Amino acid sequence: MVAIVPSPGAVASGETELNSLIAELAGIRTQMLAAGRAVPASIHPAQRESAANLLHYLSLRQRDLRPLQSRLAVLGLSSLGRSESHVLASVDAVLATLYKLAGRSWEGAKAPSSEADFRHGSELLEQHSQALLGPVPAGRNPRIMVTMPSDAARDYPLVRDLLRAGMDCMRINCAHDAPGAWSAMLGNLRRAEQELGRSCRVSMDLGGPKLRTGPVAGALAVTKCRPQRDAFGVVTEPSRLWLSAREHPSPAPSTADLALQVDSAWLQSLSTGDTVRFTDTRGSRRRMQVLDVTPEGAWLGGRKTAYFSNGTVLHRLGRHKRRKTRVYAVPEREPLITLVPGDLLILRPDERAGRAATHDEAGVLLTPAHIGCTLPEVLACVRVGEEVWFDDGKIGAEVESICDGQLHLRIRHTAPRGGRLRADKGINFPGSRLQLPAVTEKDVEDLAFVAGHADMVALSFANNVEDVHALAEQLRPYGTDAPAVILKIETVEGFRNLPDMLLAAMAAPLCGVMIARGDLAVEAGFERLAEVQEEILWLCEAAHVPVVWATQVLETQARTGAPTRAEITDAAMGHRAECVMLNKGPHIRETVRTLDNILRRMQGHQFKKQSMLRELSLARYIDPGVA
């Protein structure tokens, strides 16, 4: 065997590189220590170590570490990319190894960090998570939080089934329902806890400032009843219309295409086989056959689509007499404003009913579409050229001009067939500096209930330190019984101010952060959402603050019963947070079970940013003898 002896030049070059790395990393460490000594006096004693680690991390990340990481990787020492929960320990470990490789002693510095230093940061995060979100569920680390629908106040089996399926935290949104309903939801939860022998934390979101579209005029009570047709347009099943007496209405005994009400005397005159004729709201003549008559009502069937409105007249045709009735109880269709790119929309500083644009016979615009908003004072903060988004980013516009406090918006983005703007839809101003209080008068009223019943209170639209202090001041009278605060990050301003808000929230022994990805995606831009949510996760891990991964997780499954492939992957990413939140939907029971299954499967593969390197099943099928 021939020994390979490095040349003196190579040895000198290696020593130079080691000394350069030591100098660079030692300089970074000095700056980190200086930053860590600046922990604010307001920080709670239980949070001081975590606050120092956050400041260490912020100091470390003030520079581009990619060149340093590459140089360390050559020596097999690159570990700074997973240092969030134990920043100083990571730097110390790398420095200690560099000193040994250089044959130098580490004088005048802290002794190299032990294994316990690395574990301590993760232990602090887990302690805070258990105190805030409850015990770690068996088999998975992230907890599951579920938003309660209004039905949870009167549907005990729903709450029980959610708890059995894996719900660890009940979320109640104070923007909906009222204290009576909230109390009923909590009563059902406590009953389910006793029945199943499980515990569940409660989080309540303050509504915050509701910046939404105002009402829209033009509601129409028009509906249709149509038969089933095949791909060739041939009727395969007649339409099914259920009629009951308006004096004593009865629900359809089985699935109906439409249910309406008529005069009881006319209804009682019907017989199976009778023909009912009428002119629908489009002026089309229609006839339907009486299929069945019961004491509660009658079934009619038709082979053509028919449109009904309140007052549509039905005629029963008989041998010797002809009788008629009017139709009642036609539901109103929600009014809307249809918009396409290039349209003009006026956003008004009031809540007068909006309306769609009007045109003359030649198609020339007469009156532009207009709509109001629920917080008129916000419009004064907006400037020409800034963006406006409606309905979770479905409709985008630019402020073209401002006249008499009204914003003249030019529509820039909609769905291919146009966007439909309705009342009570969210409005976002991503580039505007809005002067909105995070804690509203209603929030203060709701806190009287929340403080006495919730484990956590979520601060909606947390934008700056003043917002955190405002909520803390409202909670002060409740002392140690006050719920822990969760900061909902849903604006660009809130994201930018997150480090300062974390330090402000850490004046209490516990706090948390929710990544409200719906509004945040609109505010930051959909393309940047992945980057933003990653940075929030890193900062919170450095502060040992639990994170709730929220908004649109398995939303399609909750709504329709079947998830998309992209949603499954998104849900799997949720394992990097301490809690994953699901929104309400008719299929929420199955959705909780799906999420529970996904998180359990990911448990052995990944923890935060660290791959766990569990045994890889595919590796068993490699045959070393095959080349």
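The values are calculated or read from the model by the stated rules, or taken from the named source; none is laboratory data. Since we're looking at a predicted model, the values are computed, not measured. Positions of Cβ are backbone-derived with ideal geometry, glycine not excepted, and every protein chain shown enters the neighbour counts.
Working carefully through the options S254, S203, S239, find the one that is at pLDDT 90 or above, of a type in the set (S, T, Y) and within 30 Å of P135 (Cβ to Cβ).
Every option except S203 fails the conditions.
Could you tell me how many of the residues in segment 323-358 are touching a Cys at 6+ places or on another chain (Cβ under 8 Å) and under 17 Å from W389 (Cβ atoms)?
1
Yes or no, residue by residue, for (1) more than 39 Å from the chain's Cα centre (by Cα); (2) over 22 Å from M506 (Cβ atoms):
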{"site": "T16", "(1), (2)": "yes, yes"}
{"site": "S20", "(1), (2)": "yes, yes"}
{"site": "A35", "(1), (2)": "no, no"}
{"site": "D64", "(1), (2)": "no, yes"}
{"site": "G81", "(1), (2)": "no, yes"}
{"site": "E84", "(1), (2)": "no, no"}
{"site": "G103", "(1), (2)": "yes, yes"}
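Mind checking whether some residue in segment 469-484 is under 25 Å from L599 (Cβ atoms), under 16 Å from the mean Cα position of the chain (by Cα), touching a residue at least 12 places away in the same chain (Cβ under 8 Å) and surrounded by 19 or more Cβ atoms within 10 Å (Cβ to Cβ)?
No, because not a single residue in segment 469-484 is under 25 Å from L599 (Cβ atoms), under 16 Å from the mean Cα position of the chain (by Cα), touching a residue at least 12 places away in the same chain (Cβ under 8 Å) and surrounded by 19 or more Cβ atoms within 10 Å (Cβ to Cβ).
Within 30 Å of V340 (Cβ to Cβ), in contact with an Asp or Glu (Cβ under 8 Å, 6 or more places away or on another chain) and either of a type in the set (K, R) or in a loop (DSSP other than H, G, I, E, B) (or both): does that describe G385? Steps first, answer last, please.
Numbers: within 30 Å of V340 (Cβ to Cβ): yes; in contact with an Asp or Glu (Cβ under 8 Å, 6 or more places away or on another chain): yes; either of a type in the set (K, R) or in a loop (DSSP other than H, G, I, E, B) (or both): yes.
Considered against the rule, which asks whether it is within 30 Å of V340 (Cβ to Cβ), in contact with an Asp or Glu (Cβ under 8 Å, 6 or more places away or on another chain) and either of a type in the set (K, R) or in a loop (DSSP other than H, G, I, E, B) (or both), G385 comes out as yes.
Name every residue in segment 218-231 that is under 24 Å from V327 (Cβ atoms), at pLDDT below 90 and part of a loop (DSSP other than H, G, I, E, B), in order of residue number.
If the condition is that a residue be under 24 Å from V327 (Cβ atoms), at pLDDT below 90 and part of a loop (DSSP other than H, G, I, E, B), then G218, A219, A221 are the ones that fit.
For segment 309-361, which residues satisfy the criterion of being of a type outside the set (A, V, I, L, M), under 30 Å from V382 (Cβ atoms), in contact with a Leu (Cβ under 6 Å, 6 or more places away or on another chain) and surrounded by 14 or more Cβ atoms within 10 Å (Cβ to Cβ)?
Correct list: P349 only.
List, please: which pairs have Cβ atoms under 6 Å, are six or more places apart or on different chains, and start with a residue in segment 163-189 that is over 21 Å from L206 (Cβ atoms) and touching a residue at least 40 places away in the same chain (Cβ under 8 Å) and end with one that is buried (at least 21 other Cβ atoms within 10 Å of the Cβ) and basic (K, R)?
Matching pairs, first to second residue: D168/R143.
What is the residue count in segment 454-488 for residues that are part of a strand (DSSP E or B) and in contact with a Lys or Arg (Cβ under 9 Å, 6 or more places away or on another chain)? Steps first, please.
Residues of segment 454-488 that are part of a strand (DSSP E or B), as a first pass: 456-459, 484-488.
Narrowing further to those that are in contact with a Lys or Arg (Cβ under 9 Å, 6 or more places away or on another chain): 456, 458-459.
The total comes to 3.
Of the conditions (1) under 28 Å from E387 (Cβ atoms); (2) at pLDDT below 95, V468 satisfies every one except a single condition; which number is it?
Checking V468 against (1) under 28 Å from E387 (Cβ atoms); (2) at pLDDT below 95, the one that fails is (2).
Could you go through segment 165-175 and let me know if any residue there is modelled with pLDDT of 95 or more, touching a Lys or Arg at 6+ places or on another chain (Cβ under 6 Å) and outside any strand (DSSP E or B).
yes
Mind checking whether some residue in segment 64-75 is surrounded by 15 or more Cβ atoms within 10 Å (Cβ to Cβ), of a type in the set (V, I, T) and farther than 14 Å from S90 by Cβ?
No: segment 64-75 contains no residue that is surrounded by 15 or more Cβ atoms within 10 Å (Cβ to Cβ), of a type in the set (V, I, T) and farther than 14 Å from S90 by Cβ.
Scan segment 201-208 and tell me whether some residue there is over 30 Å from V293 (Cβ atoms) and among the hydroxyl-bearing types (S, T, Y). Walk me through it before giving the result.
Going residue by residue through segment 201-208, those that are over 30 Å from V293 (Cβ atoms) are 201-208.
Narrowing further to those that are among the hydroxyl-bearing types (S, T, Y): 203.
Among the residues of segment 201-208, at least one is over 30 Å from V293 (Cβ atoms) and among the hydroxyl-bearing types (S, T, Y), which makes the answer yes.
In the set E400, E351, E361, E377, which member is of a type in the set (D, E), modelled with pLDDT under 95 and not in a loop (DSSP other than H, G, I, E, B)?
Working: E400 fails: modelled with pLDDT under 95; E351 fails: not in a loop (DSSP other than H, G, I, E, B); E361 fails: not in a loop (DSSP other than H, G, I, E, B).
Selected residue: E377, the only one of E400, E351, E361, E377 that is of a type in the set (D, E), modelled with pLDDT under 95 and not in a loop (DSSP other than H, G, I, E, B).
Contact list please: Cβ distance under 7 Å, first residue in segment 402-418 and under 19 Å from A356 (Cβ atoms) and touching a residue at least 60 places away in the same chain (Cβ under 8 Å), second residue small (G, A, S) and part of a loop (DSSP other than H, G, I, E, B), pairs at least six apart or on different chains.
I411/G342
If we keep just the residues of segment 500-521 that are in a helix (DSSP H, G or I) and under 12 Å from the mean Cα position of the chain (by Cα), which is surrounded by the most Cβ atoms within 10 Å (Cβ to Cβ)? Even if it seems obvious, please write down each step before you answer.
Going residue by residue through segment 500-521, those that are in a helix (DSSP H, G or I) are 500-505, 517-521.
Now restrict to residues that are under 12 Å from the mean Cα position of the chain (by Cα): 517-521.
On the way: R517: 23, G518: 18, D519: 23, L520: 26, A521: 23.
Per the criteria, the residue is L520.
A quick yes/no check of all residues on (1) surrounded by fewer than 21 Cβ atoms within 10 Å (Cβ to Cβ); (2) in the same structural domain as V513 (by TED's automatic domain parsing):
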residue	(1), (2)
A165	yes, yes
I172	no, yes
A178	yes, yes
S183	yes, yes
N188	no, yes
R191	yes, yes
Q194	yes, yes
R226	yes, no
R229	yes, no
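Does any residue in segment 83-95 that is in the same structural domain as S20 (by TED's automatic domain parsing) come within less than 6 Å, Cβ to Cβ, of a residue that is of a type in the set (A, V, I, L, M) and in a helix (DSSP H, G or I) six or more places away or on a different chain, and which pairs are these?
Final answer for the pair search is E84/A542; S85/L125; V87/L60; S90/L80; L95/L25.
Just checking, which of E590, E527 is surrounded by fewer than 24 Cβ atoms within 10 Å (Cβ to Cβ), assigned to a helix (DSSP H, G or I) and modelled with pLDDT under 95?
On the way: E590 fails: modelled with pLDDT under 95.
Answer to the check: E527.
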